[in-house]
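As structure tokens, the structure follows; a few thoughts come after it.
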Amino acid sequence: MIRHVLRYPSARAACLILGVVAVLATAGPALAPHDPLAQDTAALLQGPSAVHWLGTDALGRDVFSRLLAGSTVSVLASLLSVAVGLLLGVVPGLLSVFLGKRFEWINLRLIDALMMLPFLVFAIAMTAMLGNGLVQAMFAVGILITPVFFRVSRAAALSVANAEYIEAARLMGASTASVIRRHVLRKVVPAVAVSAASMTGACLSIVASLTFLGIGVVPPDPTWGGLLATDLANLYDRPFGPIAPALLIVATVWALNALADAMRDTGTDNKEKPA
Amino acid sequence: MTGNVISLDSHVPHGRRSEITLVEPLLSVRGLRITAADGRTLVRDVDLDLPAGGTLGIVGESGSGKSLTCRAILDLLPPGLALASGTIRYRNVDLSGLDARSWRALRGIELSAVFQDPASYLNPSIPVGRQLTEAIRAVLKLSRKAALARALELLGRVGFRDAEAVYPQYPHELSGGMAQRVLIALAICAGPSLLIADEATTALDATIQAEVLDLIATLRREEDLTLIMVSHDLAVVSQVCDRIVVMRGGEIVEAGPTHSVLHHPKSDYTRSLIDDHAVHTIDTTEGRQPPAAAPASPPLLSVSGLAAGYGIRTVVQGIDIEVAPGEILGLIGETGSGKTTLLRTILGLIPAARGAITLDGQQIDGLSDRRLRDFRRSGALQYVFQDPLRSLDPDLTIGESITEGLRLQASLGLSAMKASVAAALVSVGLDPQLADRLPGQLSGGQRQRTVIARALALDPRLLLLDEPVSALDAVNRSHVLKLLRRLADERGIAQIFISHDLGSVAGIADRVVVLHHGEIVETGPARMVLAHPAHPYTRRLLAAAPRIPREAPAAARPLFTAY
């Protein structure tokens, strides 16, 4: 699968970007040339220089260091949402196909209800209720993207649920669990992987939106979205300021979507190949 | 009108062919060569000549290139395949030089075709009559009213007694035979000169197949059609065609007038096709003796007073069947006669409304979920599906598929697992090395053996087989049938064998049961029933089965015996 995906030039570029982002997320704070929280009142709102590659903000903090330090939180937060969404979406999505009409009906109605909720408003309400933390906010986002994973995994499972080889397995005495493990999971994983990649991108921009609004992260801690917000506040003094965080967000989201597209295309290509 | 007007051999090596043609051929194919994108040659050196009004049969197993040849004539090669060399001339025009616009004016109008699976060529959301009218309007530029009249007339011509009743029906409301008639009406609506029937009757029951073949033959005479008939079944082709071309592995192995191909075959392959047909032809004199011990031993499977169906609809009723160990019971009937419903009830997939089913004295109907699962894990009762490709998980290797039931039974070690896979593959005559392949990489015959191997791995007492050979060509069919017979004789595995093809049942069954409208109309030793059918329905089924004529065909022999 990986080799097939990498045939696409866009997928290769996406992997390169995601590799860089992964390095930033794991080693970002250590790589930062300055303390991201250290204020230097002698150098406020400076432009790029040899010392401060991306200049300094209104409190004299090094923007480049803050960008690196903010990577961990931004990336981990979006991964957390996707993990929550996967867990809450895929498991009931598969079971809804195999566990009978009543279970299916309840699940479908719950998912319908979730789909009505608006993302940002729900996340803000959750943090208002559970306390202003990124974990709470991303948990809320994770719940909200559950329908995507539910639908995708359910559709993939439905497409094989009536296959003769599943009936053959049942006739050999296979339980639902072993049918799912041996026959269904393989068909579901590619589809779910595609939506996981694109959802990670979506969550990344949601994290950015939330932190931009000041939700989930308390001020001195840097995040990509938070940087964008402070940069926008000082747009008059540092007009180029928002470019770096915005570019990072856009590039990462693009890379995730490009990867998702490439994975989807390889999936369909393989299906179109005659047996 | 017979092809004997032109005595030109359809396949003569290049450079030596005589140039004597008495009649200008309508269609002439020279040195046809079709290659795939990866460089494989799929069809090579195919020469065909077809005079106006002639009938040509192309026979071969799947993958022999017979369908590709026809598709090349229609310029409908699947993507990735290309005409590498050769010429196709129709009415002395080279078809390879035509552009898309010329093709549109030719295909479906001058050259027309009918394919195997009629339902997939009809739009499921539009009534068939309207689809026909639209086609007529598109090609003949008729007014709405005139097209409607023509459509009704065509529906009548293809054998619908009440054309107006068929007109508003949707494809799913039609049976396979009816849908094929509609497609034939579509194919002839513009009055084509050449009709290609590619496995047009393969998916149909014997009686329906006979009717559709009859229709094609009648239309050919009345509409003055030139016909190319493609089939894996030599008997089908020999009934309609004057000349036969036998293909294998992309090449023509034999060509000539039907009579001489059938009775004086030059190639060994043709001879094997004819012989294989004879093995399970109804006329076979070599019937099987019922097992001597049959009356003494208690039945393995016993079904009594069984009735079952879907919801309130009863599909089968009053079924009494007994199967002894090592006995093969043939279950015969047309589509809709309840054969598959009966098997599914025995398997516990459909609850029995009345009656009892016992296997080895143990009741197997009406079990609780848990006891049913335990019974299934014992492996005593195994089912072989009709379509092996669909009953094998495309993502699992052959070995993984075969061990599926074993894994559920007991925790075997890896080496024991491998050994049992190898043993199962060997027992069905496959190379154990195939265990690492995926189903898509096997041929149809290999796949069907794999499915049988999967059942055998569990050491079953009774095998239920649903049309296990209907998707196979003659050669593979006879191999699988021989394998099944051997399993019954050597391992004592009893079998219930469903088929609409009387020939395959006659070859291996000890006893047959004939089902009609969900009830047993006749039962007895296979040889008896097939030689001296008592029930009119059985006689009708027998009469409809295609067979290779024993005698030289008379010039105007009736195509089918009336029934």
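The values are calculated or read from the model by the stated rules, or taken from the named source; none is laboratory data. Keep in mind that what you see is a predicted model, and the values were worked out from it rather than measured. Glycine also receives a Cβ, built like all others from the backbone with ideal geometry; neighbour counts cover every protein chain displayed.
Structure notes:
- Condition met for A:ALA58 (outside any helix (DSSP H, G or I) and either crowded, with 16+ Cβ neighbours inside 10 Å or in contact (Cβ under 8 Å) with a residue 24 or more places away in the chain (or both)): yes
- Residue, surrounded by the fewest Cβ atoms within 10 Å (Cβ to Cβ), within region B:487-527, restricted to residues that are farther than 20 Å from B:PRO325 by Cα and among the β-branched types (Val, Ile, Thr): B:VAL521
- For region B:372-388, the count of residues that are more than 11 Å from chain A (Cβ to nearest Cβ) and hydroxyl-bearing (Ser, Thr, Tyr) is zero.
- Qualifying residue in region B:490-498 (condition: assigned by TED's automatic domain parsing to the domain that holds B:THR335 and assigned to a helix (DSSP H, G or I)): yes
- Subset of region B:389-417 (residues that are more than 12 Å from A:MET172 (Cβ to Cβ), assigned to a helix (DSSP H, G or I) and facing another protein chain (nearest Cβ under 7 Å)): B:ARG390
- Strands (runs of 3 or more DSSP E) enclosed by region B:164-250 - at least 3 residues per element that are buried (at least 24 other Cβ atoms within 10 Å of the Cβ): B:226-231, B:243-248
- Any chance A:VAL121 is at pLDDT below 90, surrounded by fewer than 17 Cβ atoms within 10 Å (Cβ to Cβ) and either within 14 Å of another protein chain (Cβ to nearest Cβ) or under 17 Å from A:ILE206 (Cβ atoms) (or both): yes
- Residues satisfying the stated conditions in region B:118-139, i.e. closer than 15 Å to B:ILE188 by Cα and among the polar types (S, T, N, Q): B:GLN131, B:THR133
- In this structure, B:GLY405 does not satisfy being more than 27 Å from B:HIS500 (Cβ to Cβ), buried (at least 18 other Cβ atoms within 10 Å of the Cβ) and touching a residue at least 60 places away in the same chain (Cβ under 8 Å).
- Matching residues, region B:35-48, being surrounded by fewer than 24 Cβ atoms within 10 Å (Cβ to Cβ) and assigned to a strand (DSSP E or B): B:THR35, B:ALA36, B:THR41, B:LEU42, B:ARG44, B:ASP45, B:ASP47, B:LEU48
- Selection from region A:108-118 of residues that are surrounded by fewer than 13 Cβ atoms within 10 Å (Cβ to Cβ) and not in a helix (DSSP H, G or I): A:PRO118
- Residue list for region B:78-89, filter: buried (at least 17 other Cβ atoms within 10 Å of the Cβ) and within 14 Å of another protein chain (Cβ to nearest Cβ): B:LEU81
- Count - residues of region B:499-512 that are assigned to a helix (DSSP H, G or I) and hydrophobic (A, V, I, L, M, F, W, C): 4
- Set side by side, the residues A:LEU204, A:LEU185 differ, and just one is among the aliphatic types (A, V, I, L, M), part of a helix (DSSP H, G or I) and more than 14 Å from chain B (Cβ to nearest Cβ), which is A:LEU204.
- Residue that is farthest from A:MET172 (Cα to Cα), among those in region B:347-364 that are touching a residue at least 24 places away in the same chain (Cβ under 8 Å) and part of a loop (DSSP other than H, G, I, E, B): B:GLY361
- Failed condition for B:LEU463, given (1) aliphatic (A, V, I, L, M); (2) touching a Leu at 6+ places or on another chain (Cβ under 7 Å); (3) within 14 Å of another protein chain (Cβ to nearest Cβ): (2)
- Qualifying positions in region B:350-371 - at positive phi and either at the interface with chain A (Cβ under 10 Å from one of its Cβ atoms) or out of contact with any Ser or Thr (no Cβ under 7 Å at 6 or more places or on another chain) (or both): B:ASP360, B:GLY361, B:GLY366
- If the condition is being out of contact with any Ser or Thr (no Cβ under 9 Å at 6 or more places or on another chain) and either in a helix (DSSP H, G or I) or within 11 Å of chain B (Cβ to nearest Cβ) (or both), then region A:207-216 contributes only A:SER209.
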